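Written below as structure tokens is the structure these notes are about.
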Amino acid sequence: MATAPLRKPDADEPLLAPEFLLKLEQLEILSRKIFIGRMKGERRSKKRGESVEFADYRNYVVGDDLRFLDWNIYARLERLLLKLFLEEEDLNVTLLLDTSRSMDWGNPHKGLYIKRVAAALAYIGLINYDRVSVYAYSDALTHEMRGVRGRRLVSQVIRFLENVPLKGPSNFTAVAKRFAVRFTGKGVVVVLSDFMDKSGYADGLRYLLSRDLDLYAIQVLSPEEIEPGLAGDLKLKDVEDGDLAEVTISKPLLDRYKANLQAYCAELRDHCTRRGITYLFTNTRVPFDTLVLAYLRQRGLLR
Amino acid sequence: MSFLNPYFAAAVAAIVIPALLILYFLKLRRREEVVPSTLLWRRAVQDLQVNAPFQRLRKSLLLFLQLTVIGLAVFALARPIIQSSATEADRLVLLIDQSASMNAREADGTRLEQAKQQAVRLVRTLNRRNAGWRSFLTFGAAETRTQALVIAFAERARIISPFTTNTADLVSLIEQIEPTDGPTDLREALELAEAYMAPPAMTTDKTPVPAASGARLILISDGRIAHLDDVVLKSGTLEFLRIGATDDNVGITALRTQRSYERPEQLSVFLTVRNFGPAPVETDVSLYVDGTLAMVRAVRLAAPAAPSAAPARDAEPPAEEGSSASLSFDLPLNKAAVLEARLSREDRLAVDNRAWAVIPPPRKLRVLTVTEKNYFLDSVLRGLPLEEFPFATPAQYEANTGQAYEADGTSRFDVVIFDKVRPAKLPAGNFLFLGATPPLAGFPEGQADENFALIWWEETHPLLRHVALDSVVVAKGLSLPVPKEAEVLIEGPRGPVLARYAAEGRHCLVLGFAVENSNWWSKPSFPVFMYNAIRYLGGGAEVADGPLRPGETLRFPAPAGVESLTLTRPDARTEKLRVDASGTAYYGNTDRAGVYAVDGGLPGRDQFAVNLEDDWESDIAPPPGPLTVDRRPVAELNAIRTATPEVWRWFVGAALALVLFEWWVYNRRVML
């Protein structure tokens, strides 16, 4: 079966269509946990701070900013009380993109698909003044764009995503370990991958969980992986590591393959659910805007 | 089913099947296909391989198909045969019809040739498996072998081969069966077969006679068998192998010739031609005299109205209007000759297109009357068409001067009338005694009797045809104490009055009274009786009663002193015939139609014509419906198409079909 048609059939199209962007304007990224941001943002924070939203009063102690004294209270009660406001902070939105060779596959194309999802999420984050970081990884973190904030950088992020090559073997465990070491902040982390990793996904997810992040795992598979159209006596070559598997395709084998895939995905889902990771499986045949506008909202990532 | 070539096929299978398996294991060239990840594939393959070591073979439809194809090809190589004879019975009786209708020409050879071919094929299938793998498997253990008995039958049945297992003998003996022109009679064949099938009544040792297992009788015939309902099948099962399909035949079904008594040089020929075929025909009927064409007449015959399927021979198929024609010819023929009638039309059965008749020379009779004086005889003889009728007194006759009356113990006249005369001795010849008895050892003298009437007479005898004796009264005569062999034709109150007696070359007709001693001379029946008697004695008696049919015995009288005669058959073969003590040679092997002639026989008695003249055999159309024997339908066997009914083609065909299926499966890429 020819592999050529599977490659980037719509590579020339922009990652995000303008009308789709309009729809995205309505959305914002949610976090089930409220994290402490680094900068003032548009998000309520646990911290009391300098927003317009009143939170509480407290007694003045020496050193407090005199600007926040409630002079009306002082006039009435002659006591120095300090007005406390809810702090609005920004959110760290981190997108981890699997850009290994295996993502360069499928019709619709898996790599393009996750790039689009990532672009959409990044756009939503940027228009909501979140700090958006995009990491592309294969067997290591190969490309990154960290701490982008602000609407005007949307085009930069999109260009970055467009230019990330899809190559190299994947090693999620090593990448997660490295990421956990480097990434000090808190926030939402979305992993976009097919999770078809010979090193396994369990260790990698554990590294990420250790950082107390709000984790999302989106598994993207192409229709060809879900329903293989293979037949005959084949020597299957792994596109990433060149591993060869000799198979004679027969109906029992196909059935077995599908059962294994089901089991694999179910295991991944269970693994995630048990650890508070939001898992989402998607076939690239599902239009990515549907995924973003409907499924991700259902899962609570977007509002 | 068994195999002709099992070892070769086994060897091929032993080589090819492992080779295929090795090819499947080793030389599987896999197409390379790039997939995003082999992770799940590996797992799937491992899962499957864990299940069963031969999973791969079991699940591979292609391998299975290829193995099946090889298996079929190997089967074909083993040359399987279907033992259509299915010789479960250990004894087989082949009844081969060799009657006249079996000479009908079919598309390929005559029916008899086809029957012989079928018989040979049947025989060749016998004991086949004994030579094959089964005896190999049983380590050559003794197995009951099928014995075959071959009987050829037409009118008579003949053992071609007694029970034997020797196929080569059987084949060569069957090949030697020759056609005959006889009618078909199954009864004798079955009786013969039963005689052979019956276990011996006694054995020399004390071993018990095994109960006769029913043998299998296979009748190979065209189904034109007469009297099938009279046939009784006592043991065994009868099966019928039908031969022949053609029905186009026109035949001469009767040929009679007669010389006019009054004008002997004129020959009348009566001929019946009948069409048995499905279509109206036109044919020329030619008469040949001694091989020279004498007369031709065209005849047009309609098709029989109904299919000629008379249930029994006895019910002679009615001659439908127009499908048969009776022709009569008159031709001058003043010498002895062989007459042949011939139909010019070519049809399927040749034997009934020709018929022969042996014509005696024209002859006027010479009659001697030995009497003192008899006016009545003189006046009667004067009115008969005779060459001469001299009179002699008893004294003159006994003197026999110049051997005028007899020579070498033979009468010189065709008929001698003794009127109230008993000669001393009697030469060979034909005699009419009036009021006297012949001087023969077995013939006692008569007792005088007076005044009696005639009580009974054999009205149907040729001698007494148109002879009315009601009012004849005898004044003085003899009552005849005739010998037992004599044929009594008239009886009086006290014994026979007219008797016919033949012995030792003397043919006597003895009347117990002289004509002038009765009132017979005044009756019209007396000249008629004399006419009949002289004609009967002078030649009519020796004319064969009817035409000779194939299978009948010919009788050739030989001149004195001749010990053997040379017979020439219609098929130009010659045979030596031994003359027996009575001076006659017999020949019974008249299985072909035609003229049988001997060299050196008595003139006029030295050739005979044998004709088919059989409506039943000429009607060669195979009878429709199942054959019924003993009022039961007989199972019909299928003809064996090839010498050995091999079925390897089926296996090769199946293999080819499977190859196509395999190709389709391979291209469809959907593996079950």
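The values are calculated or read from the model by the stated rules, or taken from the named source; none is laboratory data. Not measured: the values here are computed from a predicted model. Heads up, the Cβs are rebuilt from the backbone with ideal geometry, glycines too, and the neighbour counts pull from every protein chain shown.
Data for the structure
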item	result
Cross-chain or 6+ apart pairs with Cβ under 7 Å, the stretch B:459-487 first and closer than 19 Å to B:ILE534 by Cβ, then modelled with pLDDT under 85 and surrounded by 15 or more Cβ atoms within 10 Å (Cβ to Cβ)	B:PRO462/B:TYR536; B:LEU463/B:TYR536
Given (1) assigned to a loop (DSSP other than H, G, I, E, B); (2) surrounded by fewer than 21 Cβ atoms within 10 Å (Cβ to Cβ); (3) at pLDDT below 85, number of the condition B:ALA468 does not satisfy	(3)
Selection status of A:TYR201, of a type in the set (Phe, Trp, Tyr), surrounded by fewer than 23 Cβ atoms within 10 Å (Cβ to Cβ), within 14 Å of chain B (Cβ to nearest Cβ) and farther than 18 Å from A:VAL117 by Cβ	yes
Complete set of residues in the stretch B:415-446 that are loosely packed, with under 13 Cβ neighbours inside 10 Å and not charged (D, E, K, R)	B:ALA424, B:ALA441, B:PRO444
Subset of the stretch B:256-276 [in contact with a Pro (Cβ under 9 Å, 6 or more places away or on another chain), modelled with pLDDT of 85 or more and either farther than 16 Å from B:GLU613 by Cβ or not charged (D, E, K, R) (or both)]	B:ASN275, B:PHE276
Verdict on B:GLU504 being closer than 19 Å to B:PHE433 by Cβ, surrounded by fewer than 14 Cβ atoms within 10 Å (Cβ to Cβ) and among the charged types (D, E, K, R)	yes
Pick from the stretch B:654-666, criterion closer than 14 Å to B:ILE70 by Cα and surrounded by fewer than 13 Cβ atoms within 10 Å (Cβ to Cβ), ranking: nearest to the chain's Cα centre (by Cα)	B:ALA657
One residue from A:PHE179, A:PHE172, A:PHE183 being within 14 Å of another protein chain (Cβ to nearest Cβ) and within 27 Å of A:ASP130 (Cα to Cα)	A:PHE172
Boolean, B:PRO570 is modelled with pLDDT under 80, crowded, with 16+ Cβ neighbours inside 10 Å and in contact with a Lys or Arg (Cβ under 8 Å, 6 or more places away or on another chain)	no
Some residue of the stretch A:127-149 being within 14 Å of chain B (Cβ to nearest Cβ), closer than 22 Å to A:LEU301 by Cα and either buried (at least 21 other Cβ atoms within 10 Å of the Cβ) or in contact with a helix residue (DSSP H, G or I) (Cβ under 9 Å, 6 or more places away or on another chain) (or both)	no
Positions within the stretch B:389-412 being touching a strand residue (DSSP E or B) at 6+ places or on another chain (Cβ under 7 Å), surrounded by 15 or more Cβ atoms within 10 Å (Cβ to Cβ) and modelled with pLDDT under 85, in sequence order	B:TYR405, B:SER411, B:ARG412
Matching entry among A:LYS237, A:LYS251, A:LYS258 (being more than 7 Å from chain B (Cβ to nearest Cβ) and either free of Cβ contacts under 8 Å to residues at least 24 places away in the same chain or surrounded by fewer than 20 Cβ atoms within 10 Å (Cβ to Cβ) (or both))	A:LYS258
Answer from A:SER222, A:SER193 - the residue that is within 14 Å of another protein chain (Cβ to nearest Cβ), modelled with pLDDT of 90 or more, surrounded by 20 or more Cβ atoms within 10 Å (Cβ to Cβ) and more than 15 Å from the chain's Cα centre (by Cα)	A:SER222
Failed item, numbered, when A:TYR207 is tested on (1) at pLDDT 85 or above; (2) surrounded by 17 or more Cβ atoms within 10 Å (Cβ to Cβ); (3) within 13 Å of chain B (Cβ to nearest Cβ)	(3)
Single condition A:LEU213 does not satisfy, out of (1) in contact with a Lys or Arg (Cβ under 7 Å, 6 or more places away or on another chain); (2) under 24 Å from A:LEU302 (Cβ atoms); (3) within 13 Å of chain B (Cβ to nearest Cβ)	(3)
Residue in the stretch A:82-102 that is in a helix (DSSP H, G or I) and either away from every other protein chain (no Cβ under 14 Å) or under 30 Å from A:GLY242 (Cα atoms) (or both) present	yes
Any chance A:GLU246 is free of Cβ contacts under 8 Å to residues at least 40 places away in the same chain, surrounded by fewer than 18 Cβ atoms within 10 Å (Cβ to Cβ) and facing another protein chain (nearest Cβ under 9 Å)	yes
Cβ-Cβ under 8 Å pairs, at least 6 apart or on other chains, the stretch A:140-166 side under 15 Å from A:LEU121 (Cβ atoms) and touching a residue at least 60 places away in the same chain (Cβ under 8 Å), far side assigned to a strand (DSSP E or B) and among the basic types (Lys, Arg)	A:ARG149/A:ARG131
Of residues in the stretch B:166-196 being free of Cβ contacts under 8 Å to residues at least 12 places away in the same chain and of a type outside the set (Gly, Ala, Ser), the one surrounded by the most Cβ atoms within 10 Å (Cβ to Cβ)	B:ASN166
Matching residues, the stretch B:1-55, being at pLDDT 75 or above, within 13 Å of another protein chain (Cβ to nearest Cβ) and within 21 Å of B:LEU67 (Cα to Cα)	B:ARG30
Close pairs (8 angstrom Cβ cut-off, 6 or more residues apart or separate chains): free of Cβ contacts under 8 Å to residues at least 24 places away in the same chain in the stretch B:356-378, surrounded by 20 or more Cβ atoms within 10 Å (Cβ to Cβ) anywhere	B:ASP378/B:THR369
Members of the stretch B:323-353 that are out of contact with any Pro (no Cβ under 9 Å at 6 or more places or on another chain), in a loop (DSSP other than H, G, I, E, B) and touching a residue at least 24 places away in the same chain (Cβ under 8 Å)	B:SER344, B:ARG345, B:ASP347, B:ARG348, B:LEU349, B:ALA350
Of the criteria (1) buried (at least 23 other Cβ atoms within 10 Å of the Cβ); (2) away from chain B (no Cβ under 14 Å), which one A:VAL154 fails	(1)
So A:TYR264, is it hydroxyl-bearing (Ser, Thr, Tyr) and within 13 Å of chain B (Cβ to nearest Cβ)	yes
